[in-house]
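**Q** Please read through the structure below; I'll follow up with questions.
The values are calculated or read from the model by the stated rules, or taken from the named source; none is laboratory data. It should be emphasised that the depicted structure is a prediction, and the values quoted were computed from it without experimental measurement. We place every Cβ from the backbone using ideal geometry, glycine too, and count neighbours over all the protein chains shown.
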Amino acid sequence: MTAHDLRRRQVERLMFAATMLAAATTLGVLFFLLGYIAWQGATSVSWAFLTRLPAPVGEPGGGMANAIVGSGKLLLIAGLVGIPVGFLGGVYLSEYGRGPIAFSVRYAADVLNGVPSIVIGVTAYALLVVPFKHFSTLAGGVALGLMMIPVSLRTTEEFLRMVPDSLREASLALGAPRWVTIVRVVIPAAMRGILAGILLSLARVAGETAPLLFTAFGNRFWSEGWLQPTASLPVMIFTYAIAPYDDWHRQAWAGALVLLTLVLGANILARMVLVRSGGLGRSS
Amino acid sequence: MRRRGFWMALLSMTLGATAHAAVLVNGAGATFPYPLYSKWFDEFHKRHSESQINYQSIGSGGGIRQILEGTVDFGATDGPMSDEQLGQAKVPILHLPTVLGAVVPTFNVAGVESLKFTPEALAGIFLGTITHWNDPALTKENPGVSLPAAPIVPVHRSDGSGTSYVFTDYLSKVSPTWEKSVGRGTAVNWPVGLGGKGNEGVAGLVKQTPNTIGYVELIYAVQNKLPSGPVRNSSGAFVAASLESVTAAAAGATIPDDFRVSITNAPGAGAYPISSFTWLLVPTRIADPDKGRILTQFLSWMLADGQALASPLNYAPLPQAVIERERKTIEKIQVGGQ
Amino acid sequence: METLSPVVPPRRPSVPRLAIGRTAATSLTPVLAGRGERLLGSSRRRRWADPIFRTTSLAFALTVIAMTAVIASVLFLRSAPARAAFGWGFLTSSTWDPVFEHFGVLPFVWGTLASSAIALLLALPLGLGAAICLSELLPTRWSDPAAFLIELLVAVPSVVYGLVGVFVLVPLMRNIEGILQSTLGFLPIFAGPAYGIGLLTAGILLAVMIVPFVVTISREVLLAVPRAQRDAALALGATRWETVRHVVVPYARSGILGSVFLALARALGETMAVTMVIGNRPEISASLFAPAHTMAAVLANEFTEATGDVYLAALVEVALVLFVITIVVNALARLLILTVRAPDPARV
């Protein structure tokens, strides 16, 4: 082995050590943050917290049940709006997209991503609240759905692109029409990454407060149907965190902990169900 | 809420069916009275289980805008609406005071628990003309206290808020320079200082950074045990903020028929100079009979039993004279069709 | 482990080569075995299925443009009073006075761009390094759970980041800034009192918030690089690091840059967390320790309380300026990509 080779090995060790440091730092910050939230919130999370309505100040035992359900409903609508647009749009960009239309779509998605969440909330307010003269879960869900689109679109496109053309060619050579090729061959091959993108976009909107202030508004009580204002976890967390009362602060942290747990749970569940682990989807 | 109720509500909610004939009344506005309002609406709901009054604290400006747009049934604000805004309303809007609040200065100087502030000192600090803690403006009124030669770091609110409105309103009254160069508003162009978001932002900054001075709501200072001090009022006495001194400020002020008044720097020996009303914004005509009935019932209840709930939460109740006048105003609200 | 071992277990999942046999065959065999008539139908069905699929996906893609256009028009229309009152002066003025109604956006632009730049400078190497470690060095058993957890960071509400920033990061930064000042305080970027709150702290907090995007997406992209590429490089005698640096990362460059775009966009639009640690002072200063303000923060702070038509319109105009800046920054970044890589017209 020459001196040059030795140096190459040293560089490799050094760089990999640097990447491990980067990973350790990232994970370190992550664990610190999660630990901090857990430490602050764990004592306040209880069955009562999860199943009761908020109590007024000074009365113990209040909960965030309506906020938890409200967030679920909002994310459901957000998914119905954001996932089809992001997913199918990404399919178009990857499989058919050449030229100015595709360029504009990508560009628009990046710009949409940079719009502050409060602006999206204000737009949804102008379009879905003012004409109907009331706040609603629907308006909040649509605002969140708008925010989901860029992430799911870009990631769907990127992962579909990474599927080698040889797969597409093989499928077409076997006589399958284009759409069957896309649906039955290309998408399953990229499913892991696409799913990661969709889950990432859902996670992003799960914690958003600002777009909901003027759309879903908030509700101390149970919200019925889809056209009434609804409580949501991020808004409750925000309202409680900036209040002067210690009890509410604790509930804010508990709410944050619940939110993260639900997102993690949804993440794991979705991956288990939709991507066959080990084996087929990701073999050598 | 019992568990069975939880599952029932969950079911009814997702199916979109109405499980009971509850009427939902929506209101929005000021964050300052939010804790008290949430208490009031919950207590009211306990007494009248079919009435659900849902109040969201999106800010005074938000409350004004939403009531003008008609997306909520009532609003709430710490700063009264202007004539121009009232002119934009389709249905005339009433300002109904609910409780009183106060703004107190708070600071972080090593070893100092309490300081007396003159109006000139406060204005000078926030204008940037008084720059060090051992300035004569401060040492003169606080002879026994050793103030360091350190630079003062003022802290103000970065977000638009009723608290800022009250504080700048007070400074505008006691300092012509302030009125000319900065003025009053929920957000102003602060000459100096750091901006903290919300009361907790200001309190946090003050607590953690040495030699700072900021302003917060009374409740906040009490709940978080922040160091503060008395302020000299228009009669020359140094008065600390308390429920009594705040109510005294309201009692001493001249209150117009529409209740839109600023009571900062109010006359009266026992008046705390940085006090203010907070108002509910209610339309004079409410079309929906159920909502109208609930609102008017609530308002009457608020003026009677509701006031008793204010002091335990560090909100000052309204003076009796104001309550009487307000009852008469509430009777003028028309409910239902013409 | 630098050499290629003949029997390679699927330690690094990538796009399946075997899947050509499995997925395509298992899904197409029934087709070809004659049951395909049910799937493909007559040639008549074959003729319209493809165009319908293409049109549908095109329609969804176009809604993105439509939504962005709607937002742009709402912003443009609702900022009319302010544009009429201030004209282009809005872009150059540094005053923000809601009482006397003089508004200018310049300090906010500075704060936004500076804090985002700091955030990217920190997040990109950190995120990419972590992604490389997670995809190349760690077995899937460890890196998958780690990636899930990192993704969780994205769901943490902004206000929680702000609170942790205020209680943990700010005191820490006050100490660090104090040390920096005593040693390097003669440099203009380290001048001024060290409050702990300011541009640098906001940049660091933003970096923490955007790192998960870079890590998650880059890791998936790196994992998706075909094994053949790696094998080829290793077979030619490259060390694993050289493979990563010269083969894997360049192959995944587009995806990594895509993750950077997503991260940058979030940094530009982040509101709550930034406003709690940046000091909210609309001033331009050369020092990293100075308080500053960003466009998104002023919107978050003042929008809900703004009364007065011109004030509100001025805030909407701030949003419009941010919108335009996002467009410009994206354009610049794309130009950068075009000059950096061989032109692939479909991939911009």
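**Q** On the given criteria, is B:Ser172 polar (S, T, N, Q), outside any strand (DSSP E or B) and closer than 29 Å to C:Leu199 by Cβ?
**A** Spelling it out, it is not the case that B:Ser172 is polar (S, T, N, Q), outside any strand (DSSP E or B) and closer than 29 Å to C:Leu199 by Cβ.
**Q** Here are some residues: B:Pro191, B:Pro148, B:Pro176. Which one is over 29 Å from B:Pro35 (Cβ atoms), surrounded by fewer than 17 Cβ atoms within 10 Å (Cβ to Cβ) and free of Cβ contacts under 8 Å to residues at least 12 places away in the same chain?
**A** Unique residue meeting the criteria: B:Pro176.
**Q** Continuing with this model, one more query. Identify all residues within segment C:271-283 that are assigned to a loop (DSSP other than H, G, I, E, B), out of contact with any Lys or Arg (no Cβ under 9 Å at 6 or more places or on another chain) and facing another protein chain (nearest Cβ under 8 Å); write none if there are none.
**A** C:Thr271, C:Arg281
**Q** Select, from B:Leu218, B:Leu226, the only residue that is within 14 Å of chain A (Cβ to nearest Cβ), under 30 Å from B:Ala149 (Cβ atoms) and of a type in the set (A, V, I, L, M, F, W, C).
**A** Exactly one of B:Leu218, B:Leu226 is within 14 Å of chain A (Cβ to nearest Cβ), under 30 Å from B:Ala149 (Cβ atoms) and of a type in the set (A, V, I, L, M, F, W, C), namely B:Leu226.
**Q** Can I ask one more? Output the residues belonging to segment A:121-131 that are surrounded by fewer than 24 Cβ atoms within 10 Å (Cβ to Cβ), facing another protein chain (nearest Cβ under 7 Å) and in a helix (DSSP H, G or I).
**A** The one that is surrounded by fewer than 24 Cβ atoms within 10 Å (Cβ to Cβ), facing another protein chain (nearest Cβ under 7 Å) and in a helix (DSSP H, G or I): A:Ala126.
**Q** Is it the case that B:Ala137 is aliphatic (A, V, I, L, M), in contact with a Leu (Cβ under 9 Å, 6 or more places away or on another chain), in a helix (DSSP H, G or I) and without any contact (Cβ under 8 Å) to a residue 60 or more places away in the chain?
**A** For B:Ala137, the condition - aliphatic (A, V, I, L, M), in contact with a Leu (Cβ under 9 Å, 6 or more places away or on another chain), in a helix (DSSP H, G or I) and without any contact (Cβ under 8 Å) to a residue 60 or more places away in the chain - is not met.
**Q** Next question, about the same structure. Here are the criteria: (1) within 12 Å of another protein chain (Cβ to nearest Cβ); (2) of a type outside the set (Lys, Arg); (3) in contact (Cβ under 8 Å) with a residue 60 or more places away in the chain; (4) crowded, with 20+ Cβ neighbours inside 10 Å. Tell me which single one C:Ser115 does not satisfy.
**A** Going through (1) within 12 Å of another protein chain (Cβ to nearest Cβ); (2) of a type outside the set (Lys, Arg); (3) in contact (Cβ under 8 Å) with a residue 60 or more places away in the chain; (4) crowded, with 20+ Cβ neighbours inside 10 Å one by one, C:Ser115 breaks only (1).
**Q** Next up: Condition (residue is within 14 Å of chain B (Cβ to nearest Cβ) and either within 16 Å of A:Val142 (Cβ to Cβ) or among the acidic types (Asp, Glu) (or both)) applied to segment A:190-207: is it met by at least one residue?
**A** no
**Q** Can I ask one more? Would you say A:Ser166 is surrounded by 23 or more Cβ atoms within 10 Å (Cβ to Cβ) and either modelled with pLDDT of 90 or more or in a helix (DSSP H, G or I) (or both)?
**A** No.
**Q** Can you name the helices (runs of 4 or more DSSP H) wholly within segment A:169-284 that have at least 2 residues being surrounded by fewer than 23 Cβ atoms within 10 Å (Cβ to Cβ), touching a residue at least 12 places away in the same chain (Cβ under 8 Å) and out of contact with any Asp or Glu (no Cβ under 8 Å at 6 or more places or on another chain)?
**A** A:187-206, A:246-274
**Q** All but one of (1) in contact (Cβ under 8 Å) with a residue 40 or more places away in the chain; (2) more than 15 Å from A:Ala206 (Cα to Cα) hold for A:Val142; state the number of the condition that does not hold.
**A** (2)
**Q** Moving on to the next point. Can B:Thr163 be described as under 30 Å from B:Pro80 (Cα atoms), of a type outside the set (D, E, K, R), out of contact with any Lys or Arg (no Cβ under 8 Å at 6 or more places or on another chain) and touching a residue at least 24 places away in the same chain (Cβ under 8 Å)?
**A** On the way: under 30 Å from B:Pro80 (Cα atoms): yes; of a type outside the set (D, E, K, R): yes; out of contact with any Lys or Arg (no Cβ under 8 Å at 6 or more places or on another chain): no; touching a residue at least 24 places away in the same chain (Cβ under 8 Å): yes.
It is false that B:Thr163 is under 30 Å from B:Pro80 (Cα atoms), of a type outside the set (D, E, K, R), out of contact with any Lys or Arg (no Cβ under 8 Å at 6 or more places or on another chain) and touching a residue at least 24 places away in the same chain (Cβ under 8 Å).
**Q** Here's something else I'd like to know. Every residue in segment B:45-77 that is at the interface with another protein chain (Cβ under 10 Å from one of its Cβ atoms), in contact with a His (Cβ under 9 Å, 6 or more places away or on another chain) and among the hydroxyl-bearing types (Ser, Thr, Tyr), please.
**A** Across segment B:45-77, the qualifying residues are B:Thr71, B:Thr77.
**Q** Hey, B:Lys328 hits all of (1) crowded, with 23+ Cβ neighbours inside 10 Å; (2) in a helix (DSSP H, G or I) but one; which does it fall short on?
**A** Answer for B:Lys328: the failing condition is (1).
**Q** Sticking with this structure for a sec: Could you check A:Gly62 against (1) buried (at least 17 other Cβ atoms within 10 Å of the Cβ); (2) touching a residue at least 12 places away in the same chain (Cβ under 8 Å); (3) under 27 Å from the mean Cα position of the chain (by Cα) and say which number it fails?
**A** A:Gly62 satisfies every listed condition except (3).
**Q** So which residues in segment C:134-167 are part of a helix (DSSP H, G or I), more than 7 Å from chain A (Cβ to nearest Cβ) and either surrounded by fewer than 16 Cβ atoms within 10 Å (Cβ to Cβ) or acidic (Asp, Glu) (or both), if there are any at all? Before the answer, list the steps.
**A** First, pick out the residues of segment C:134-167 that are part of a helix (DSSP H, G or I): C:134-137, C:140-155, C:158-167.
After this cut, where a residue has to be more than 7 Å from chain A (Cβ to nearest Cβ) as well, the list is C:135-136, C:140-145, C:147, C:161-162, C:165-167.
Across segment C:134-167, the qualifying residues are C:Glu136, C:Arg141, C:Trp142, C:Asp144, C:Pro145, C:Phe167.
**Q** Next question, about the same structure. Within segment A:8-30, is there a residue that is assigned to a loop (DSSP other than H, G, I, E, B), of a type outside the set (Lys, Arg), out of contact with any Cys (no Cβ under 6 Å at 6 or more places or on another chain) and farther than 30 Å from B:Pro33 by Cα?
**A** Within segment A:8-30, not a single residue is assigned to a loop (DSSP other than H, G, I, E, B), of a type outside the set (Lys, Arg), out of contact with any Cys (no Cβ under 6 Å at 6 or more places or on another chain) and farther than 30 Å from B:Pro33 by Cα.
**Q** Which of the following residues is closer than 19 Å to A:Gly197 by Cβ and in a loop (DSSP other than H, G, I, E, B): C:Val225, C:Val221, C:Val215, C:Val260?
**A** It is C:Val225.
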